[in-house]
Amino acid sequence: MGSAGDAGAGELPAAAIALGKAVAARDVILLTGATTGSVYAAGKTAREAGILHIGISPGHDATEHIGRYGLPIDACDAIVYTGFGLKGRNVVLVRSCDIVLIFGGGTGSLNEFTIAYDEEKIIGCLTGTGGIADEIERLVQVVQKESTARVFYDNNPTQLLDSCLAAFH
């Protein structure tokens with residue numbers, strides 16, 4: 001879960017690629033919002049390294065996915081078309097994940113985080129990537145909602161993923 005915005009030069013795209021490589025080094029299935037930007041970069045990197053990448057689309061078919069939402073289809077091995085729009089897609093995506101990783105991100109990633117927190121998921125925040133990922137620790141303290149969600153913070157994609165996977169097993 002992360003920034004669907006521009007994946008041009010800078011630390012966030014590099015972090016996305018590093019995260020994609022870290023995911024690819026494990027025997028896991030990657031689910032994303034089948035979107036653009038840094039999420040696209042992470043997903044495409046993982047897929048090119050041999051990981052199964054499933055996209056969860058807000059559209060009800062490929063035509064709506066591409067036309068209405070302007071989303072790519074080339075980074076995923078398979079796309080599940082929900083027809084639920086962006087917020088509905090987020091619920092399906094987060095509920096389908098055992099571990100939720102957040103890097104960068106804006107309001108969509110905040111929405112995904114709150115769903116994951118409410119669903120008491122294992123959540124990994126790749127710090128140093130800006131956006132919501134760098135604010136979640138503070139937000140958890142401010143909200144003070146009881147949850148058995150386990151939230152991990154690290155600026156190293158490999159170490160973050162290791163912590164999350166250890167909590168899952």
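Read-outs: derived from the displayed coordinates by stated rules, not from any lab. Everything numeric here is computed off the predicted structure, so don't read it as measured data. In this analysis, Cβ positions are derived from the backbone assuming ideal geometry, glycine residues included, and neighbour counts consider all displayed protein chains.
Which one of Pro72, Phe113, Asn156 has its Cα pushed farthest toward the positive end of the charge dipole of the range 35-169, where Lys and Arg give +1 and Asp and Glu give -1 at the Cβ?
Pro72
Order 122-129, 60-67, 17-24 from most to least packed using the mean count of other Cβ atoms within 10 Å.
Ranking the peptides 122-129, 60-67, 17-24 by packing returns 122-129, 17-24, 60-67.
I need the fraction of alpha carbon pairs in the range 74-129 separated by more than 15 Å, rounded to a whole percent.
Considering the range 74-129, 51 percent of its Cα-Cα pairs are separated by more than 15 Å.
Which Rg and Dmax, in Å, describe the Cα atoms of the range 1-84?
Cα-based Rg and Dmax for the range 1-84 come out at 12.2, 34 Å.
How do 150-158, 136-144 rank on mean C-beta neighbours within 10 Å, highest first?
With the highest mean Cβ count within 10 Å placed first, the list reads 150-158, 136-144.
How long are the semi-axes of the equivalent ellipsoid of the range 38-113, defined as square roots of 5 times the Cα gyration tensor eigenvalues? Whole Å, largest first.
17, 17, 12
Could you tell me what % of all Cα pairs in the range 11-168 have separations over 26 Å?
Above the 26 Å cut-off, the range 11-168 has 19 percent of its Cα pairs.
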